[in-house]
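Chemist: I'd like to ask you about the structure that follows.
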Amino acid sequence: MHYRHVIRGLAFASLAAVPAVLVASLSIAQTPVPAPAPNPLPVIAPSLPPTRVVDLASNEGMAAFGGQWRNMDAKIVEVPAMPNAGPAWKTAYDLTPKAGDTNFDDSGWTKIEPKGLLDRRGGGHLFMTWYRSNLTIPAKAGDLDTAGARVVLSFTIDDYAEVWVNGQLPRAAGRPSPATIQGFNMPNRVVLSESVKPGDKFQIAILGINGPISLAPPNPVFFREAKIEFFK
């Protein structure tokens, strides 16, 4: 008798364990997949006067950062509409090239001298052009030891600009992105690092656009200024 009670108890224990296993399996199966990390919010650049400024439209300035500006015009091209588009839309439009990515190959682009950054480009109206360069932080900026400094890329384009840093276009839905997306001759001031180290590298891609787009002007696109600001 005692033996039968033991066997019966073990059987009941086994049956009770089955739902627990199934529940655990279902819990694992239903665990949500982590969402991709959002683009980082732009850090606001300091409003205080910088400790040191380096002109990226000068030979000396670009040599200090080991940089080389390259330029290529952008175009709007027709592409297939997205899969969930309404039946009335068979095609859409996109930008080419998409030069914000870090692995984008710009070796075939036109090299421009630093002072040539300020040259007017394009025939006016709706016109877009890319500028790219790699910048390496020097140990010294004049007599300033750059280690630990906050570094800001500051530039103004006539009329509008978007800037990618190391393959990222920092922005967030519902929030202003004054560092990254700025228009109508307003300066872009992008914090590259809040505590830089000599040798740190930054890949910069800037898209200059005539604007407003609904009232594109007859003037060309050009930099008014481009510089690196150090704060320490």
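Chemist: For T156, indicate whether it is of a type in the set (S, T, Y), closer than 22 Å to L48 by Cβ and assigned by TED's automatic domain parsing to the domain that holds T102.
Modeler: In short, yes.
Chemist: How about the stretch 89-143: which of its residues are charged (D, E, K, R), closer than 17 Å to P220 by Cβ and touching a strand residue (DSSP E or B) at 6+ places or on another chain (Cβ under 8 Å)?
Modeler: Answer for the stretch 89-143, where residues must be charged (D, E, K, R), closer than 17 Å to P220 by Cβ and touching a strand residue (DSSP E or B) at 6+ places or on another chain (Cβ under 8 Å): D119, R120, R121.
Chemist: Starting from the stretch 53-69, take each residue that is of a type in the set (S, T, Y) and list its partners that are buried (at least 18 other Cβ atoms within 10 Å of the Cβ) and in a helix (DSSP H, G or I), counting only C-beta distances under 9 angstrom and pairs at least six apart or across chains.
Modeler: Correct list of pairs: S58/P114.
Chemist: It is to be established whether one or more residues within the stretch 199-214 are among the polar types (S, T, N, Q) and under 23 Å from V77 (Cβ atoms).
Modeler: Within the stretch 199-214, one or more residues are among the polar types (S, T, N, Q) and under 23 Å from V77 (Cβ atoms).
Chemist: Can you tell me how many residues within the stretch 74-93 are under 30 Å from D106 (Cα atoms) and in a loop (DSSP other than H, G, I, E, B)?
Modeler: 2
Chemist: Looking at (1) out of contact with any helix residue (DSSP H, G or I) (no Cβ under 7 Å at 6 or more places or on another chain); (2) more than 11 Å from V152 (Cα to Cα), can you tell me which one N188 breaks?
Modeler: (2)
Chemist: Right, G148: touching a residue at least 12 places away in the same chain (Cβ under 8 Å), loosely packed, with under 14 Cβ neighbours inside 10 Å and farther than 30 Å from A216 by Cβ or not?
Modeler: yes
Chemist: Then there's this: Within the stretch 101-121, can one find any residue that is closer than 22 Å to R224 by Cβ and in contact with a Pro (Cβ under 7 Å, 6 or more places away or on another chain)?
Modeler: yes
Chemist: Suppose we filter P97, P114 for residues that are touching a Ser or Thr at 6+ places or on another chain (Cβ under 6 Å) and modelled with pLDDT of 95 or more; which single one remains?
Modeler: After ruling out the rest, the residue left standing is P114.
Chemist: Moving to a separate point now. Just one of (1) of a type in the set (A, V, I, L, M, F, W, C); (2) in a strand (DSSP E or B); (3) loosely packed, with under 13 Cβ neighbours inside 10 Å trips up A63, so point out which.
Modeler: (2)
Chemist: Could you please give the count of residues in the stretch 208-229 that are surrounded by fewer than 17 Cβ atoms within 10 Å (Cβ to Cβ) and closer than 11 Å to H125 by Cβ?
Modeler: 6
Chemist: If you check G167 against the conditions, is it farther than 12 Å from I206 by Cβ, surrounded by fewer than 19 Cβ atoms within 10 Å (Cβ to Cβ) and under 16 Å from the mean Cα position of the chain (by Cα)? Talk me through it step by step, then tell me what you get.
Modeler: Details: farther than 12 Å from I206 by Cβ: yes; surrounded by fewer than 19 Cβ atoms within 10 Å (Cβ to Cβ): yes; under 16 Å from the mean Cα position of the chain (by Cα): yes.
The answer is yes for G167.
Chemist: Out of the residues in the stretch 99-145 that are polar (S, T, N, Q) and within 19 Å of A161 (Cα to Cα), state the one that is surrounded by the fewest Cβ atoms within 10 Å (Cβ to Cβ).
Modeler: T102
Chemist: Suppose we filter P178, P198 for residues that are under 21 Å from the mean Cα position of the chain (by Cα) and over 18 Å from D101 (Cβ atoms); which single one remains?
Modeler: Unique residue meeting the criteria: P178.
The values are calculated or read from the model by the stated rules, or taken from the named source; none is laboratory data. These figures come from a predicted structure and were not determined experimentally. Counting neighbours? That spans all protein chains shown, and the Cβs are built from the backbone with ideal geometry, glycine included.
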